[in-house]
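Colleague: Got a structure here, written out as structure tokens. Questions coming.
The values are calculated or read from the model by the stated rules, or taken from the named source; none is laboratory data. If you're wondering where the values come from, they're calculated on a predicted model, not measured in any experiment. Note that we place each Cβ from the backbone using ideal geometry, even for glycine, and neighbour counts take in every protein chain shown.
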Amino acid sequence: MRISSYPVVSALLSHNPKTVLRHSLHTFNISNQQRLYAQALRNTTPGTNIKYQQSYPSTKQRVLITGCMGQIGVELIEALAARYGKGSVVCSDVSTPTKDNLDQFAPFYFCDVNDRERLQMIVDRENVTCIVHNAAFLSASAEQNVAAAVRLNTIGLFNVLEIAKRNHLRVFVPSSIAAFGPTTPLESTPNTTIQRPTTVYGIGKVYAELMGEYYALKHGVDYRSLRYPGILSYKTKPGGGTTDYAVHMFYYALQGEHYECYLQPDQKLPMMYMPDCIRGTMQFILDTKQEQLKERTYNIAAYSFSPIQLEQMIKKFIPSFSVSYRPDFRQGIAESWPRILEDDSARGDWGWGEEFNLEKTCRDMLVNLSKIIPNSVKLQNID
Ligand SMILES: NC(=O)C1=CN([C@@H]2O[C@H](COP(=O)(O)OP(=O)(O)OC[C@H]3O[C@@H](n4cnc5c(N)ncnc54)[C@H](O)[C@@H]3O)[C@@H](O)[C@H]2O)C=CC1
Ligand SMILES: CC(=O)[C@H](N)C(=O)O
């Protein structure tokens, strides 16, 4: 059983219209939300012919985020809502919110992006102006789910582009350092260079970049993409990537536990803190005019570090932290990726710039995570 759509008011209209119409979602208390959620779970499946009542006011920007429940989606929703108001974001994923965080994702639609009809229905209903296509299997999980990853990277992407073409939408599809491969110059990887990735995830990213460019050229779709490095965050957890180790280290350190790292100690990779990722993404999608763009896809970078450099940085604040190294298949992925990403084009064309260096990131991560993790280890030298 799945949620068909949220605002769940819509799910209830066919069952108890009088009760539902008496309320506005803005004034629902938690118990009402929980009741609606339970009823939505019982009564709706994708494709059910339910009546719809829009519960949030329209704004100029209506951004549909696919894969909204992921590490980046959750934080992007928050930032978009803070800037344009809650009515500006439409959420969708194949994972569903819980009854406790339902309001945070409202309006929420269950949507597998491989289902074009459903995607089109959401775009029509919600007057979407822009799609942020975050739905993905990240590098490590894609290697373990090759068929599903290929389907998502091809059919899912094609659906998004076709709908963007038909509805004149702006589209943002995140790319990644994974769009490069072992034959790329990896020490200072330029924006335009050899792209022959050796992971199914990376191949999907190159496909998206090229298809996006094709739709821009042939059909005038306003396609935009940023090649993100590994993203560090404390509000949300990473979901199956090769760079996840960096976030894991903070958790283990604060929990007072030993960490066994799956990469070699000297495997340097480009990384970035989530606030920079979100700020840069918003700036690129919403504040940058088409005329400023000389490329459709830009590298963006903040800093690079290896696992042992991160271990040493965390030890400045938690001296008892210990790490051992036992590389697995993810080491092979990591060593095919850039060690340092060059992002001059993004800085020059539309003013990209990071605010967090590694030390500032570590301090912020540790301070904030220590408030979340119960009985976390006491930080030293933090101010
Ligand atoms: N987090 C990172 O370090 C980086 C992320 N990116 C890219 O940014 C985007 C967002 O990444 P994250 O939020 O970290 O990913 P994530 O793995 O945390 O979340 C992806 C979401 O996509 C959903 N999803 C999977 N299959 C789907 C389908 N068929 N239809 C609809 N939804 C589906 C999942 O349920 C999940 O909530 C992805 O395109 C990713 O490749 C790029 C570089 C770095
Ligand atoms: C760099 C990425 O694209 C992602 N974090 C991954 O490790 O798969």
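Colleague: Please find, within region 113-133, the residue that is farthest from ligand 1 (Cβ to nearest atom) out of those that are out of contact with any strand residue (DSSP E or B) (no Cβ under 9 Å at 6 or more places or on another chain) and of a type in the set (Asp, Glu).
Modeller: Looking at the filtered set, the residue picked out is 124.
Colleague: As an exercise: evaluate residue 70 against (1) in contact with a Cys (Cβ under 8 Å, 6 or more places away or on another chain); (2) at pLDDT 95 or above; (3) surrounded by 22 or more Cβ atoms within 10 Å (Cβ to Cβ) and give the number of the one condition it does not meet.
Modeller: Of (1) in contact with a Cys (Cβ under 8 Å, 6 or more places away or on another chain); (2) at pLDDT 95 or above; (3) surrounded by 22 or more Cβ atoms within 10 Å (Cβ to Cβ), only one is false for residue 70: (1).
Colleague: Can you name the residue in region 79-96 that is without any contact (Cβ under 8 Å) to a residue 60 or more places away in the chain, within 13 Å of ligand 1 (Cβ to nearest atom) and not hydrophobic (A, V, I, L, M, F, W, C) and is also surrounded by the fewest Cβ atoms within 10 Å (Cβ to Cβ) among such residues?
Modeller: 95
Colleague: Whether any residue in region 282-294 is closer than 16 Å to residue 360 by Cα, in contact (Cβ under 8 Å) with a residue 12 or more places away in the chain, aliphatic (A, V, I, L, M) and surrounded by fewer than 22 Cβ atoms within 10 Å (Cβ to Cβ) is what I want to check.
Modeller: Among the residues of region 282-294, not one is closer than 16 Å to residue 360 by Cα, in contact (Cβ under 8 Å) with a residue 12 or more places away in the chain, aliphatic (A, V, I, L, M) and surrounded by fewer than 22 Cβ atoms within 10 Å (Cβ to Cβ), which makes the answer no.
Colleague: Quick check: anything in region 328-338 under 17 Å from residue 232 (Cα atoms) and out of contact with any Pro (no Cβ under 8 Å at 6 or more places or on another chain)?
Modeller: Yes, there is a match, as at least one residue in region 328-338 is under 17 Å from residue 232 (Cα atoms) and out of contact with any Pro (no Cβ under 8 Å at 6 or more places or on another chain).
Colleague: Now a separate question. Is it the case that some residue within region 246-258 is over 16 Å from residue 134 (Cβ atoms), touching a Gly at 6+ places or on another chain (Cβ under 7 Å) and within 15 Å of ligand 2 (Cβ to nearest atom)? Can you show your working first?
Modeller: So the first thing to find is which residues in region 246-258 are over 16 Å from residue 134 (Cβ atoms), and the list is 246-258.
From the residues that got through so far, the ones that are touching a Gly at 6+ places or on another chain (Cβ under 7 Å) too are 246.
Still in the list and also within 15 Å of ligand 2 (Cβ to nearest atom): 246.
Checking region 246-258: at least one residue is over 16 Å from residue 134 (Cβ atoms), touching a Gly at 6+ places or on another chain (Cβ under 7 Å) and within 15 Å of ligand 2 (Cβ to nearest atom).
Colleague: How many of the residues in region 131-163 are free of Cβ contacts under 8 Å to residues at least 60 places away in the same chain and either of a type in the set (A, V, I, L, M) or on the phi > 0 side of the Ramachandran plot (or both)?
Modeller: 9
Colleague: Same structure again: Scan region 289-296 and give yes if some residue there is farther than 26 Å from residue 353 by Cα and out of contact with any strand residue (DSSP E or B) (no Cβ under 9 Å at 6 or more places or on another chain), otherwise no. Spell out the reasoning first.
Modeller: From region 289-296, those farther than 26 Å from residue 353 by Cα are none; that's our starting set.
The answer is no; no qualifying residue exists.
Colleague: In the set 318, 300, 314, which member is in contact with a helix residue (DSSP H, G or I) (Cβ under 6 Å, 6 or more places away or on another chain), crowded, with 16+ Cβ neighbours inside 10 Å, aliphatic (A, V, I, L, M) and under 29 Å from residue 67 (Cα atoms)?
Modeller: Numbers: 318 fails: under 29 Å from residue 67 (Cα atoms); 314 fails: under 29 Å from residue 67 (Cα atoms).
On inspection, the qualifying residue turns out to be 300.
Okay, residues lined up against (1) within 16 Å of ligand 2 (Cβ to nearest atom); (2) under 25 Å from residue 179 (Cα atoms); (3) touching a Cys at 6+ places or on another chain (Cβ under 6 Å):
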| site | (1), (2), (3) |
| --- | --- |
| 74 | yes, yes, no |
| 83 | no, no, no |
| 86 | no, no, no |
| 110 | no, no, no |
| 126 | no, no, no |
| 136 | yes, yes, no |
| 160 | no, yes, no |
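Colleague: Separate question: With the condition kept exactly as written, say whether any residue in region 141-158 is more than 16 Å from ligand 2 (Cβ to nearest atom), in contact with a Phe, Trp or Tyr (Cβ under 8 Å, 6 or more places away or on another chain) and hydroxyl-bearing (Ser, Thr, Tyr). Let's see the steps before the verdict.
Modeller: Filtering region 141-158 down to residues more than 16 Å from ligand 2 (Cβ to nearest atom) leaves 147, 151, 154-156, 158.
This time we only want the ones that are in contact with a Phe, Trp or Tyr (Cβ under 8 Å, 6 or more places away or on another chain), so: 154.
Checking the rest, the ones that are also hydroxyl-bearing (Ser, Thr, Tyr) come to 154.
Yes, that holds for at least one residue.
Colleague: Kindly evaluate residue 166 against the criterion of being away from ligand 2 (no atom under 16 Å from the Cβ), of a type in the set (Lys, Arg) and without any contact (Cβ under 8 Å) to a residue 60 or more places away in the chain. Spell out how you get there, then give the answer.
Modeller: Values: away from ligand 2 (no atom under 16 Å from the Cβ): yes; of a type in the set (Lys, Arg): yes; without any contact (Cβ under 8 Å) to a residue 60 or more places away in the chain: yes.
In short, yes.
Colleague: Then there is this: Could we say that residue 137 is within 19 Å of the chain's Cα centre (by Cα), surrounded by 20 or more Cβ atoms within 10 Å (Cβ to Cβ) and more than 11 Å from ligand 1 (Cβ to nearest atom) here?
Modeller: Numbers: within 19 Å of the chain's Cα centre (by Cα): yes; surrounded by 20 or more Cβ atoms within 10 Å (Cβ to Cβ): yes; more than 11 Å from ligand 1 (Cβ to nearest atom): no.
In short, no.
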